[in-house]
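Asker: One structure, as structure tokens, below. Some questions next.
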Protein chains: 2
Amino acid sequence: MKKVAILGSTGSIGVTSCDVIRKHRDDFCITLLSTNVNYKLLAEQANEFRPDCLYIGRKEFAEDLKGLLKYGPKIFSGPEGLVESVKNSDAKLLLNALIGAVGLLPTLEAIKLSMDVALANKETLVVGGELVTSMAKKKNVKITPVDSEHNAIFQCLKGNLERPLSRIILTASGGPLLGLPLDQFNDVSPKQALNHPTWGMGKKISIDSATMMNKGLEIIEARWLFDLPAEMIDVVIHPQSIVHGMAEFSDGSIISVLGPTSMSIPIIYSLYYPEHAPSAPVAMLDLAKGLNLEFFAPDEKRFPLLKTAKMAAKELGTVPTVLNASNEVAVQAFLDGKIKFTDIRLVVEGAISSHRSVKADDIKVLLEVDAWARKYAEEFISTRGR
Amino acid sequence: MKKVAILGSTGSIGVTSCDVIRKHRDDFCITLLSTNVNYKLLAEQANEFRPDCLYIGRKEFAEDLKGLLKYGPKIFSGPEGLVESVKNSDAKLLLNALIGAVGLLPTLEAIKLSMDVALANKETLVVGGELVTSMAKKKNVKITPVDSEHNAIFQCLKGNLERPLSRIILTASGGPLLGLPLDQFNDVSPKQALNHPTWGMGKKISIDSATMMNKGLEIIEARWLFDLPAEMIDVVIHPQSIVHGMAEFSDGSIISVLGPTSMSIPIIYSLYYPEHAPSAPVAMLDLAKGLNLEFFAPDEKRFPLLKTAKMAAKELGTVPTVLNASNEVAVQAFLDGKIKFTDIRLVVEGAISSHRSVKADDIKVLLEVDAWARKYAEEFISTRGR
């Protein structure tokens, strides 16, 4: 039985992970569950899976949480409690499903403890890719990507590590604004941008999908995960989200992974890795029913942030940290009605052009740059707001 | 430098193989080239690649061949000379691109000699699958499929041998008659049936593609190649012939191989296996240009031979031998204008229902059954012709 710690268990990936584990109780045991504010759902999950440790981000909800529990686990809270909860979890695998750069420190802690990591928190690699991958190598820790695109490419490369690779290809649904005329991007509302055509996801990632920044962050994530230069990472629009990722080899063959549009597929793969799941968590793809799969190039005029992120993936240093932090702030401001959809790009580009990149191999530096970029973005937004 | 013997070098696969080797002369050296009747092309190929051995099927062309040669190789001919030529070739790899059941004996000879086999002759496995695969296992000989579908599935399974497999999926273009109304199948002419939409191939395989018997033979081939029961081998129509094969795993992911519609891709893979080709023999697939891939179930009313072949793949014994031999005779009779397109099916089904299947582990039995089925088919056709 594999001991699993789940950070972000009340989010979309976390809930799906619990669903998957519920069906495979003989193979997994949860030792840590966590949330930022949703203590009610956390209490429900805890009462079902009985982990020894719980984490609640906001201290003010700790007592409410305790009131709902039917047993007595260790409870951690506050910013400093997050890493502590991982330390105490005694898990073999950390499933990191946190949202945002806050996911970096617990990933580093897990690696320090020689815990394998199933990574759904892409910011861990966007911000700390250099640090995380070099440390994982030293500690011989396996990082398995939960992101469907990276999980697919991870599968494509398995058994082909000696084969000359020409490039990897991340597929992108194109999001809810794929066909919107260019002159209407200014007036996109949060509701419109949240309306994702194929994937049901959290708010932050849905907006990132509408700007295609999500795919940009994934380029940076892939750069570290697969140790490839940005020039070998391409994006292709595939509106049906059935082909999740591809690897093109120098001999002319492309290996790809197809599957139902369900996060439970990469989740179950990552939970069992390096072993294999005995059965599928959802109905299999039915090709005989009729499928039509389209592929075409993304339009960088509609999605300028994709180009900006590609540039960040080439430059590296602390540029991706600034890209990510300023984007987090800008997306929240857009959701709060403070800025327009097309302003998200201006915030991010403003932050990057005001930043002087340095080496990204020191966690202190990364956290400082992250904080600087957030502050810059907030000021930029409040100035624009006036 | 790998020594390669090529049987059937003047056919479509053989010529493409020579093209591929021409571009990689530092990695390969051809030690045997062969043809049945096309001595002019064989002489050209021989003068270029200078193999020590040549094989010409028809003895009467041996002198003409010698007259065109600029050097003095050993020349083999006649039915008994085929196996002899392989014996003398001193090759590390036999690329068997013969057409029909005649390919079985040289494959068995290569395995006896511990020569690896790149197999483009599917009849080797359709007729002698049990014998060939058990002998290859004993001799630790690698059989790499050249057929694009099987080569793709071979790639899909690599690195996943421990992973529970749910099924493999052979893609089929559907051939030139995919959309033809059912009541017009009676009147299909050889010209119409030879007009394949995506692959340029020889006549026999083009007709097999029009009846979808080709896919049926491929099911039997796959059954032996991947040691899977027929129930785990599915066929899906994919008119664009871009996705060449798929493997669906029990955990819900499907791994597939995509590539340009060119036989040089599986050929170069098989030539270099277990190493890898340094570059692609044709232009890479350009997804960004726009691609539309369709998949749907085959219509067994239009293609009844697909169902018959599936049945043969389940029954095994000598049923596939009869299926193959009677089909070879029927296709030739159709090309010669002796029978109608829809009669091909009647010949094959007649032969199978008149045959009592026995164990298929003895080459003598296989050759006897093969001969019986050909005779049966010829008589059936001549009776019908009256």
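The values are calculated or read from the model by the stated rules, or taken from the named source; none is laboratory data. As the structure is a computational prediction, the values presented were derived from the model and not from experiment. Cβ atoms come from the backbone with ideal geometry, glycine included; neighbour counts cover every protein chain shown. The protein model used for the area step is the full one, side chains on, heavy atoms only, and it has no ligands, DNA or RNA in it. Shrake-Rupley method; radii C 1.70, N 1.55, O 1.52, S 1.80 Å.
Asker: Taking the range A:220-238, which residues are part of a loop (DSSP other than H, G, I, E, B) and either of a type in the set (Lys, Arg) or surrounded by fewer than 22 Cβ atoms within 10 Å (Cβ to Cβ) (or both)?
Answerer: Hits for the range A:220-238 are A:Phe226, A:Asp227, A:Leu228, A:Pro229.
Asker: What's the total number of residues in the range B:261-271 that are of a type in the set (Ser, Thr, Tyr) and closer than 10 Å to B:Thr144 by Cα?
Answerer: Of the residues in that region, 2 qualify.
Asker: Every residue in the range B:39-58 that is out of contact with any Pro (no Cβ under 8 Å at 6 or more places or on another chain) and open to solvent by 60 Å² or more (accessible area, probe 1.4 Å), please.
Answerer: Within the range B:39-58, B:Lys40, B:Glu44, B:Glu48, B:Arg58 qualify.
Asker: Determine, yes or no, whether B:Val126 is in contact (Cβ under 8 Å) with a residue 12 or more places away in the chain and touching a strand residue (DSSP E or B) at 6+ places or on another chain (Cβ under 6 Å).
Answerer: In short, no.
Asker: Would you mention how many residues in the range A:310-326 are in a loop (DSSP other than H, G, I, E, B) and touching a Lys or Arg at 6+ places or on another chain (Cβ under 7 Å)?
Answerer: Going through the range A:310-326 one residue at a time, the tally reaches 1.
Asker: Among the residues of the range A:187-201, is there at least one that is open to solvent by 40 Å² or more (accessible area, probe 1.4 Å), away from chain B (no Cβ under 11 Å) and under 16 Å from the mean Cα position of the chain (by Cα)?
Answerer: yes
Asker: Now, a different point. Looking at A:Ser326, A:Ser357, A:Ser353 in this structure, which one is closer than 22 Å to A:Leu194 by Cα and either small (Gly, Ala, Ser) or within 22 Å of the chain's Cα centre (by Cα) (or both)?
Answerer: Just a single option satisfies the conditions, and that option is A:Ser326.
Asker: Within the group A:Arg167, A:Arg223, which residue is basic (Lys, Arg) and within 13 Å of another protein chain (Cβ to nearest Cβ)?
Answerer: Within the list A:Arg167, A:Arg223, the selection yields A:Arg167.
Asker: Within the range A:13-37, restricting attention to residues that are open to solvent by 60 Å² or more (accessible area, probe 1.4 Å) and touching a Ser or Thr at 6+ places or on another chain (Cβ under 9 Å), which residue is farthest from A:Leu82 (Cα to Cα)?
Answerer: Selected residue: A:Lys23.
Asker: In addition: Identify, from the list B:Ala91, B:Ala97, the residue that is surrounded by 20 or more Cβ atoms within 10 Å (Cβ to Cβ), in contact (Cβ under 8 Å) with a residue 40 or more places away in the chain and touching a Lys or Arg at 6+ places or on another chain (Cβ under 7 Å).
Answerer: Result: B:Ala91 is the single residue among B:Ala91, B:Ala97 that is surrounded by 20 or more Cβ atoms within 10 Å (Cβ to Cβ), in contact (Cβ under 8 Å) with a residue 40 or more places away in the chain and touching a Lys or Arg at 6+ places or on another chain (Cβ under 7 Å).
Asker: crowded, with 22+ Cβ neighbours inside 10 Å, hydroxyl-bearing (Ser, Thr, Tyr) and out of contact with any strand residue (DSSP E or B) (no Cβ under 9 Å at 6 or more places or on another chain): which single residue out of A:Ser353, A:Ser357, A:Ser326, A:Ser382 fits that description?
Answerer: Among A:Ser353, A:Ser357, A:Ser326, A:Ser382, only A:Ser326 is crowded, with 22+ Cβ neighbours inside 10 Å, hydroxyl-bearing (Ser, Thr, Tyr) and out of contact with any strand residue (DSSP E or B) (no Cβ under 9 Å at 6 or more places or on another chain).
Asker: Can you name every residue in the range A:360-379 that is surrounded by 14 or more Cβ atoms within 10 Å (Cβ to Cβ), aliphatic (A, V, I, L, M) and farther than 15 Å from A:Ala330 by Cβ?
Answerer: Passing the criteria: A:Ala360, A:Ile363, A:Val365, A:Leu366, A:Leu367, A:Val369.
Asker: Further question: If B:Gly202 satisfies all but one of (1) closer than 18 Å to B:Glu328 by Cα; (2) touching a strand residue (DSSP E or B) at 6+ places or on another chain (Cβ under 6 Å), what's the number of the condition it fails?
Answerer: (2)
Asker: With respect to A:Ser241, is the statement that it is open to solvent by less than 20 Å² (accessible area, probe 1.4 Å), part of a helix (DSSP H, G or I), closer than 30 Å to A:Val319 by Cα and small (Gly, Ala, Ser) true?
Answerer: Criteria not met by A:Ser241.
Asker: For the range B:101-113, check the following and say yes or no: at least one residue is farther than 25 Å from B:Trp199 by Cβ, at pLDDT 95 or above and within 14 Å of chain A (Cβ to nearest Cβ).
Answerer: no
Asker: For the range B:311-323, which positions are surrounded by fewer than 21 Cβ atoms within 10 Å (Cβ to Cβ) and either touching a Leu at 6+ places or on another chain (Cβ under 7 Å) or on the phi < 0 side of the Ramachandran plot (or both)?
Answerer: Of everything in the range B:311-323, those that are surrounded by fewer than 21 Cβ atoms within 10 Å (Cβ to Cβ) and either touching a Leu at 6+ places or on another chain (Cβ under 7 Å) or on the phi < 0 side of the Ramachandran plot (or both) turn out to be B:Met311, B:Lys314, B:Glu315.
Asker: If you scan the range B:265-305, which residues turn out to be in contact with a helix residue (DSSP H, G or I) (Cβ under 9 Å, 6 or more places away or on another chain), open to solvent by less than 40 Å² (accessible area, probe 1.4 Å) and within 8 Å of another protein chain (Cβ to nearest Cβ)?
Answerer: B:Ile265, B:Ile268, B:Tyr269, B:His276, B:Ala277, B:Ala280, B:Pro281, B:Phe295, listed by residue number.
Asker: Hey, can you tell me all the residues within the range A:246-264 that are crowded, with 24+ Cβ neighbours inside 10 Å, more than 7 Å from every other protein chain (Cβ to nearest Cβ) and either assigned to a loop (DSSP other than H, G, I, E, B) or modelled with pLDDT under 95 (or both)?
Answerer: Across the range A:246-264, the qualifying residue is only A:Met263.
Asker: Hey, could you check the range B:306-321 for residues that are in contact with a Pro (Cβ under 9 Å, 6 or more places away or on another chain) and aliphatic (A, V, I, L, M) and say which is nearest to the other protein chains (Cβ to nearest Cβ)?
Answerer: This residue is B:Leu306.
Asker: Is there any pair linking a residue in the range A:10-23 that is at positive phi to one that is modelled with pLDDT under 95, with Cβ under 6 Å and at least six apart or on different chains, and which?
Answerer: none
Asker: Further question: Looking at the range A:100-123, which of its residues are under 17 Å from A:Asn151 (Cβ atoms) and either of a type in the set (Ser, Thr, Tyr) or without any contact (Cβ under 8 Å) to a residue 12 or more places away in the chain (or both)?
Answerer: Residue satisfying the conditions is A:Thr107 alone.
Asker: Would you check if there is a residue in the range B:276-290 being under 25 Å from A:Ile265 (Cβ atoms), touching a residue at least 12 places away in the same chain (Cβ under 8 Å) and not in a helix (DSSP H, G or I)?
Answerer: So far as the range B:276-290 goes, yes, one or more of its residues are under 25 Å from A:Ile265 (Cβ atoms), touching a residue at least 12 places away in the same chain (Cβ under 8 Å) and not in a helix (DSSP H, G or I).
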